[in-house]
Amino acid sequence: DVKVTQSSRYLVKRTGEKVFLECVQDMDHENMFWYRQDPGLGLRLIYFSYDVKMKEKGDIPEGYSVSREKKERFSLILESASTNQTSMYLCASSSLGLAGDNEQFFGPGTRLTVL
Amino acid sequence: KQEVTQIPAALSVPEGENLVLNCSFTDSAIYNLQWFRQDPGKGLTSLLLIQSSQREQTSGRLNASLDKSSGRSTLYIAASQPGDSATYLCAVRRYGGSQGNLIFGKGTKLSVKP
């Protein structure tokens with residue numbers, strides 16, 4: 001079974017703090033993703049990575065950065081947390097799937113509250 | 001622009017009933033469509049993935065169909081149980097988009113009453 005783990009289930013930070021969210025997958029997947037999920041807005045893609053040190057912006061990259069130094073690990077960084085970044089953050093991974101068979105597998109999520 | 005819609009937003013049924021959840025998308029040029037389940041406060045669990053060349057996929061009591069030409073997919077749940085209560089999300093990977101281009105619907109919240 002694919003396993004995607006996230007470093008924290010719940011996190012409380014203060015405005016202006018630098019926040020790191022970590023995600024690890026154990027299936028040697030090329031692709032990794034960070035989404036945020038908000039009531040009424042659904043899931044929105046922040047960033048994704050298709051290889052080590054490679055990244056692409058998603059729909060809402062502003063205020064975030066990412067790091068992928070190893071294939072199994074993808075980090076989301078909030079350089080200076082703000083209250084509007086309070087949300088549920090979900091990490092996912094998938095194989096390269098050039099034929100379209102790249103099923104995405106999700107982690108349990110991190111509920112981040114910025115005070 | 002690809003848009004994914006799920007109707008209804010919420011559904012309540014008695015235990016044992018067969019039910020259908022609907023998903024529609026505006027652009028038929030897709031690689032695949034994926035159905036997920038999400039329990040409150042948790043991550044997403046992948047249920048079924050249908051490639052664009054397929055018409056349906058089955059897993060246990062679940063059957064998902066895909067009609068690309070009409071931009072529709074349905075998730076059929078047979079003999080529903082209280083444990084099926086969750087939010088069900090569909091998502092499409094748009095053809096020609098990058099690997100990250102998975103567009104989600106807002107989900108149908110299902111409640112199965114004992």
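The values are calculated or read from the model by the stated rules, or taken from the named source; none is laboratory data. All figures in this text were calculated on a predicted structure; none of them were measured in a lab. Because the Cβ atoms are built from the backbone with ideal geometry, glycine has one as well, and the counts that use them run over all protein chains shown.
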Query raised in the report: Hey, any hits in the stretch B:97-114 for a residue that's among the β-branched types (V, I, T), assigned to a strand (DSSP E or B), more than 10 Å from every other protein chain (Cβ to nearest Cβ) and in contact with an Asp or Glu (Cβ under 6 Å, 6 or more places away or on another chain)?
Result: yes
**Report entry** B:S53 vs. criteria touching a residue at least 24 places away in the same chain (Cβ under 8 Å) and more than 15 Å from A:S94 (Cβ to Cβ)
**Finding:** no
Report summary line: Those strands (runs of 3 or more DSSP E) completely within the stretch A:26-104 that have 3 or more residues that are within 11 Å of another protein chain (Cβ to nearest Cβ) and surrounded by 16 or more Cβ atoms within 10 Å (Cβ to Cβ) are A:31-38, A:42-51, A:87-94
Report task. Taking the options B:E3, B:E15, name whichever one is within 12 Å of chain A (Cβ to nearest Cβ), surrounded by fewer than 17 Cβ atoms within 10 Å (Cβ to Cβ) and acidic (D, E). Result -> B:E3
**Report entry** Residue check, B:S80 in a loop (DSSP other than H, G, I, E, B), farther than 25 Å from A:D59 by Cα and at pLDDT 95 or above
**Finding:** yes
Query raised in the report: Which ones in the stretch B:42-72 are in contact with an Asp or Glu (Cβ under 7 Å, 6 or more places away or on another chain) and polar (S, T, N, Q)?
Result: B:S46, B:Q51, B:N63, B:S65
Report task. State all residues of the stretch B:32-64 that are facing chain A (nearest Cβ under 9 Å), surrounded by 15 or more Cβ atoms within 10 Å (Cβ to Cβ) and either among the charged types (D, E, K, R) or over 15 Å from the mean Cα position of the chain (by Cα) (or both); if no residue qualifies, say none. Result -> B:K42, B:G43
Query raised in the report: Looking at (1) in contact (Cβ under 8 Å) with a residue 24 or more places away in the chain; (2) in contact with a strand residue (DSSP E or B) (Cβ under 7 Å, 6 or more places away or on another chain); (3) over 25 Å from B:G83 (Cα atoms); (4) not charged (D, E, K, R), can you tell me which one B:S28 breaks?
Result: (2)
Report task. Could you tell me whether any residue of the stretch B:58-65 is among the basic types (K, R), under 25 Å from A:R44 (Cβ atoms) and either in contact with a strand residue (DSSP E or B) (Cβ under 6 Å, 6 or more places away or on another chain) or assigned to a loop (DSSP other than H, G, I, E, B) (or both)? Result -> no
